[in-house]
1. Picking from L395, L317, L371, which is most flexible by a Gaussian network model of the chain using Cα springs under 10 Å?
2. Taking the Cα of D325, stepping 7 Å toward and past its beta carbon, and measuring to each backbone N in region 380-396: which are under 18 Å?
3. Under the Karplus relation 6.51 cos²θ - 1.76 cosθ + 1.60, θ = phi - 60°, what is the ordered set of whole-Hz ³J(HN,Hα) values for region 359-369, x standing for Gly and Pro?
4. Evaluate 2.2 N^0.38 Å with N set to the residue count of region 221-369, then give the Cα radius of gyration divided by it.
5. Residue-wise, which Karplus ³J(HN,Hα) couplings in Hz belong to region 283-296, taking 6.51 cos²θ - 1.76 cosθ + 1.60, θ = phi - 60°, and x for glycine or proline?
6. Would you kindly derive the ³J(HN,Hα) couplings of region 254-264 from the backbone phi angles with the Karplus curve 6.51 cos²θ - 1.76 cosθ + 1.60 (θ = phi - 60°), listing them in order in whole Hz, with x for Gly and Pro?
7. Helix-only estimate, please: 222 nm mean residue ellipticity of the chain, summing -39500 (n - 2.57) across DSSP H runs of length 4 or more and dividing by its residues, to the nearest 500.
8. Scan around G66 for amide H atoms under 5 Å from its own, H built in the peptide plane at 1.01 Å from N, and keep only partners 5 or more places away or cross-chain.
Amino acid sequence: MKSLADFIKAFFANKGQHVFLSLLITKICAFAGSLFMIRILPEKEFGLLSIVTSFFVVFVSFSGLGSFQSLIRFGSLSNADEEKRELAEYLLKKGFLNQVILSVVFFLISFLYVSHYYYIFYIFFFFTIRLIGFYFFSHIQAERRIYLKNDEFAMINNVVNISGLVLMVVFSIFWGLYGYLIANAIAPFFSLFWYKKSKKPTKPLLRYNKKEIWSFALYASLTALLSDAFFSADILLLNFFKDESAVANYKVALLIPANITFLALSFMQSDYPVLAKNHLDKNFLINYIKNYYKIFIPISFIILIVGWFFNTMILKLFFGASYLDNSVEFSILLATFCASMLLRNLYGNMLSAVGLMKRNTFYSILSLILLAIFSYFLVPKFGVLGMAISLAVTLTIIGFLMMFSFLTYLRTLK
């Protein structure tokens, strides 16, 4: 994969175009759903829904205590289909028991808020059902990825997200907020149509022992938890220092910039099994990074220029004139996530692919600490702008640290 042409050919050979289109559809559905709810819900209700969603994204990343992350990693390293099937069946059963415990903990969080917002109890209930559905959704998708069936991965993703959006719009028209909650609770369970039960395994786990599997799963899930906690912490911190109105305004400024990273993630999603298999090949990894930059540096530059000069037009078009005061925050966040595609998204996934999850975990912890420190000094004084700056500085620092760690790993290879 020395040339850019080979890099692009490999992407299509892995059916990466299906992943790209699927993630694009996911982002469009999520964006359309958020836009629809912004339009029909009062500002306070939307802010409250954002608070519960912030907790949800933390728990959904910890799904099964990392069972599906471990399946992707070790399933990618396995060569025999029998071994892949056995590993998938084992992790599905053990991961589900973990998921039940996580779901109960998630639901109990509602009692911390119920005295302030009495109907948040019902929001947490429906999101608990959605959390269980996402466990099956994530596991079934991971199975398709270890077999390099990215077209099937994309199909499952498309059905769940498109059907979820359609149900959300229809149900919300009739039942408002509760219609939205019911639709979102149901949608992930559509993935079960693709579940195929494996035959009872006749051999033990062939290449990896259980301790090794769950050690990686623990660090992978903890990293995912902390990473998503980071993108929920900004909402929670802003709510702590300010109010629901500030949360809503920040969410509007963040929505488009945060979603541009799907461009980078589409490559990393489709290439992860290949990267894992070549984690000891120094030349392969170096060439991958070079070719990645040949694509994403120009893309990031174009996005940044367009967003910077047309920020007010974009905000007015998608969110309405009432949110035009967030144009500066929008531009800062857009620059932040363009830089993130070139640093944090790339090197965070590379560290995961080569098995250095402990370093990702450390940087995830550090990112939360830095965000809390910067927010403490900037948010009370500058509000939404202070949070945008805090997020920008934190992500940039962490991105450079991840890059340094991966380059250090490369120097250890022959």
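None of the figures in this text is laboratory data; all of them are computed from the coordinates on show. It should be emphasised that the depicted structure is a prediction, and the values quoted were computed from it without experimental measurement. Cβ sites come from the backbone with ideal geometry, for glycine too, and all protein chains shown count toward neighbours.
1. L317
2. Residues 380-389 fall inside that zone.
3. 3J(HN,Hα) across region 359-369, in whole Hz: 5, 4, 4, 4, 5, 5, 5, 4, 4, 5, 5.
4. Compared with the compact-globule rule of thumb, region 221-369 sits at 1.17.
5. These are the phi-based 3J(HN,Hα) values: 5, 4, 5, 5, 5, 4, 5, 4, 5, 4, 5, 4, 8, 8 Hz.
6. Values per residue, Gly and Pro as x: 8, 4, 6, x, 5, 8, 6, 5, 4, 4, 6 Hz.
7. -28500 deg cm²/dmol
8. Distant-sequence amide H within range of G66: zero hits.
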